[in-house]
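Shown next, in C-alpha cells, is the structure this report addresses.
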Amino acid sequence: MNTVTRFDAQGVVEPGFETVREAFARVLTEQRGTGAALAVWHEGRWIVDLWGGAASADGTRAWQRDSIVQPYSVSKPFAAMCALVLVDRGVLDLDAPVQRYWPEFRAPATPRHVLSHQAGVVALDAAAPTSVFYDWHALCALLADQRSEWPPGTAHGESALFYGHLVGEIVRRVDGRSLGGFLRDEVCAPAGLDFAVGLTADDQARAVELTCLDDIEPHAGELYRRATANPPGTRDPAVVNGAAWRTAEVPAINGHGTARGMAGLYAALLRGELLSPQLLREAVSVQCSGVDRVFGHENAWGLGFGIDPEGFGMGGLGGSFGAACSEAGYAIAFVTGTMGTHARGELLENTVRACIGLAPI
C-alpha cells in the first residue's frame, strides 16, 4: 500500500508569515487522521494558502489544493447568505411570518428568528431515521409540524441539524430552486467560492474523509442531546463519508469546500460584495445574545453569523471554522478532516495575528 507522507505542509505563505507555516506543520503532525487546510486573506490579497496530510482514512490519497471537506456548522452562514440575497432583492421580508412563504410551518416565527437561531425549532419530538436526511420534503414536513422549544424571539439556541432546512425551505418557496442550487448560482459562482451543498460525482472524488469522530467535544444537556442525535448518523463515518450523504442537501452541516472557498466568503463580504452595505451591517450586528439554550454557553448571533468583538463567522463541530476580523481586515478559514477541539484553529489564528501585529484573541 502506498501511503501519504502525512505531515507535509504544502502551499504558500507571504514573506513574514513563515511562523504560520511552522504552526500549521505542527498541527498536521499532531493529527491522527486525515489532514487539514488553512487560508487567510488580508487587505486585498491571500497571505496564507496551506494544505497537507491525507485525504483518505487509509492514507493512500493525499490532500490536494482543491480537496474539499465537510466543516459541519461552518456551512450555516452559506445557507444564511441565500436568504439574505433574497432579502436584498426585496422578495423576502425578515419580519413577516414564515407562514407567508411556507404556509404549513407551525411555529409563529419570522425569517429573522430563523436566521438568528431564535425560532426554537431545534429538535424533533418523534424519532426519525437517518434516511430522512436524504428526503428534503419529508424532513421539511416534520419541521413544519414541529413545536418550538420556546416562544420564537424570547430566547435563542442553535438549530444544529435543521438550520439549513429551515432557511432552505423558505428560499425554495420564494425562489423555486433548492438551497444548494441557489447557493451555487447566486453566491458561490459570482464570488468564485469553491464550496457546495449537494455534491456532484466529480466533487465527491475531491472529498476528504472525516476521521476521529469519537474525539468530537461533547456538550451536556438533554436539549443538546435531542437536537443533535435525532435523526442519528451525523457523527458516523459510514454515513458522513458516504455518497448518499454527500449528494443530499443538509445545509446546516454538510457543505463541502476548500479553506480558501470558506475564507473567500468572508473576504467577499469585507470587500463589500454579495450584500448591500446596509444589509451586511444588519446581518453582522447582534440580534440576540446570552446563554444558548441548546449548547449551554454564552454566545451572540447576527443573521446567520456568530458575532464577537473581533468580527463575525462560524465554528463547526470537530474544529473547523471560518471568520472575518472586521477591524483588522482579514478573513480566515481552517478546515480539518480529523475531528477534535478548536484549539488548533485558535493556535493558527493567533499565529497569523502575531505576524500582522495584533494581540491574541
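The values are calculated or read from the model by the stated rules, or taken from the named source; none is laboratory data. Note that the structure is a prediction, hence the values are computed from the model and not measured. All Cβ positions, glycine included, derive from the backbone under ideal geometry; neighbour counts span all protein chains shown. Note: accessible area is taken over every heavy atom of the protein model, side chains too, but ligands, DNA and RNA are not part of it. Shrake-Rupley method; radii C 1.70, N 1.55, O 1.52, S 1.80 Å.
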Handout entry: Output for the range 280-301, where each listed residue is of a type in the set (Val, Ile, Thr), more than 14 Å from Gly120 (Cβ to Cβ) and either open to solvent by less than 20 Å² (accessible area, probe 1.4 Å) or more than 19 Å from the chain's Cα centre (by Cα) (or both)
Key = Val291
Problem - Set Cys188, Cys212: member being more than 27 Å from Thr110 (Cβ to Cβ) and not hydroxyl-bearing (Ser, Thr, Tyr) - result: Cys212
Problem - Filter result (in contact with a Leu (Cβ under 8 Å, 6 or more places away or on another chain), under 18 Å from Pro129 (Cβ atoms) and either without any contact (Cβ under 8 Å) to a residue 24 or more places away in the chain or surrounded by 19 or more Cβ atoms within 10 Å (Cβ to Cβ) (or both)) within the range 237-264 - result: Val240, Glu249, Val250, Ala252, Ile253
Exercise for the section: Could you tell me which of the residues Ser131, Ser148 is assigned to a helix (DSSP H, G or I), surrounded by fewer than 23 Cβ atoms within 10 Å (Cβ to Cβ), among the small types (Gly, Ala, Ser) and out of contact with any helix residue (DSSP H, G or I) (no Cβ under 7 Å at 6 or more places or on another chain)? Expected result: Ser131
Exercise for the section: Tell me which residues, restricted to the range 152-168, are in a loop (DSSP other than H, G, I, E, B) and aromatic (Phe, Trp, Tyr). Expected result: Phe162
Fill in the blank from the handout: For Arg173, the lone unmet condition from (1) part of a helix (DSSP H, G or I); (2) without any contact (Cβ under 8 Å) to a residue 60 or more places away in the chain; (3) open to solvent by 50 Å² or more (accessible area, probe 1.4 Å) is (2)
Practice task
Please indicate, with yes or no, whether at least one residue in the range 22-42 is over 19 Å from Gly318 (Cα atoms) and at pLDDT below 95.
Solution key: no
Fill in the blank from the handout: Selection over the range 302-351 where residues are part of a helix (DSSP H, G or I) and either crowded, with 24+ Cβ neighbours inside 10 Å or not β-branched (Val, Ile, Thr) (or both) yields a count of 8
Exercise for the section: Scan (1) touching a His at 6+ places or on another chain (Cβ under 9 Å); (2) in a strand (DSSP E or B) for the single condition Arg293 breaks and write down its number. Expected result: (2)
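To keep it simple, each residue is scored yes or no on (1) part of a loop (DSSP other than H, G, I, E, B); (2) under 19 Å from the mean Cα position of the chain (by Cα); (3) at pLDDT 95 or above; (4) over 14 Å from Pro71 (Cα atoms).
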site	(1), (2), (3), (4)
Glu209	yes, yes, yes, no
Pro218	yes, yes, no, yes
Tyr224	no, yes, yes, yes
Thr228	no, yes, yes, yes
Gly233	yes, yes, yes, yes
Problem - Of all residues in the range 176-193 being part of a helix (DSSP H, G or I) and in contact with a strand residue (DSSP E or B) (Cβ under 8 Å, 6 or more places away or on another chain), the one that is surrounded by the most Cβ atoms within 10 Å (Cβ to Cβ) - result: Leu183
Completion exercise
Only one of (1) of a type outside the set (D, E, K, R); (2) over 17 Å from the mean Cα position of the chain (by Cα); (3) at pLDDT below 95 does not apply to Pro277, and that is (3)
